[in-house]
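Notes follow the structure.
The values are calculated or read from the model by the stated rules, or taken from the named source; none is laboratory data. Fair warning: this is a prediction, and the values are worked out from it, not measured in the lab. Glycine also receives a Cβ, built like all others from the backbone with ideal geometry; neighbour counts cover every protein chain displayed.
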Amino acid sequence: MHPVVGVWEVWVDGAPFDHHVMMFNAGGTMLQSNPEGGNAVSSDSTGMGVWRAEGDRVLGGFLETRADRVTRLALGRSEIRFDLRVTGDAFTGTAVATTYDRTGTSTGEAPPAELRARRFTAD
């Protein structure tokens, strides 16, 4: 089993809300969550995505849908791509978020964000 598999508490320097939880499954899927109210501009869904190992790196991405907080209408989606390195019960890496409107047209890309995480255990 790859060392990224498990549940992680993640801090993302450069994200609208810096505290996240990520879960990586052995089959190459993953989930990302943070408080719904953490983004003042839009309401973002739970992130669902995929990952793959390439040597000592973990590459992947996840998808979120977005809604306007005032009108409650769909804005489109965000795609977040990440590149991680796992060392024991920690990982570090970078992520880049790109937003798209409902037609699939890119509406912008955020500067790269720095990730650091610690494994969550039952102990």
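What to note about this one:
- Residue satisfying condition, being in contact with a helix residue (DSSP H, G or I) (Cβ under 8 Å, 6 or more places away or on another chain) and acidic (Asp, Glu), within set Asp56, Asp101, Asp44: Asp44
- So His2, is it assigned to a strand (DSSP E or B), closer than 24 Å to Asp123 by Cβ and either of a type in the set (S, T, N, Q) or touching a strand residue (DSSP E or B) at 6+ places or on another chain (Cβ under 7 Å) (or both): no
- The listed residue being surrounded by 12 or more Cβ atoms within 10 Å (Cβ to Cβ), in contact with a Phe, Trp or Tyr (Cβ under 6 Å, 6 or more places away or on another chain) and of a type in the set (Lys, Arg), out of Arg77, Arg118: Arg77
- Within segment 88-111, the residues that satisfy the criterion of being closer than 16 Å to Val58 by Cβ and not acidic (Asp, Glu) are Gly88, Ala90, Phe91, Thr92, Gly93, Thr94, Ala95, Val96.
- In segment 15-31, residue nearest to the chain's Cα centre (by Cα) [restricted to those that are closer than 18 Å to Arg85 by Cβ and in contact (Cβ under 8 Å) with a residue 24 or more places away in the chain]: Met22
- Summed over segment 80-112, residues that are of a type in the set (A, V, I, L, M, F, W, C) and either on the phi > 0 side of the Ramachandran plot or surrounded by fewer than 18 Cβ atoms within 10 Å (Cβ to Cβ) (or both) total 3.
- Failed item, numbered, when Asp18 is tested on (1) closer than 15 Å to Arg116 by Cβ; (2) at pLDDT below 85; (3) of a type outside the set (Phe, Trp, Tyr): (2)
- Selected residue (criterion: modelled with the lowest pLDDT) from residues of segment 5-15 that are of a type outside the set (Asp, Glu) and in a strand (DSSP E or B): Val12
- Glu64 falls short on exactly one of the conditions (1) of a type in the set (D, E, K, R); (2) under 21 Å from Phe17 (Cα atoms); (3) surrounded by fewer than 18 Cβ atoms within 10 Å (Cβ to Cβ), and that condition is (3).
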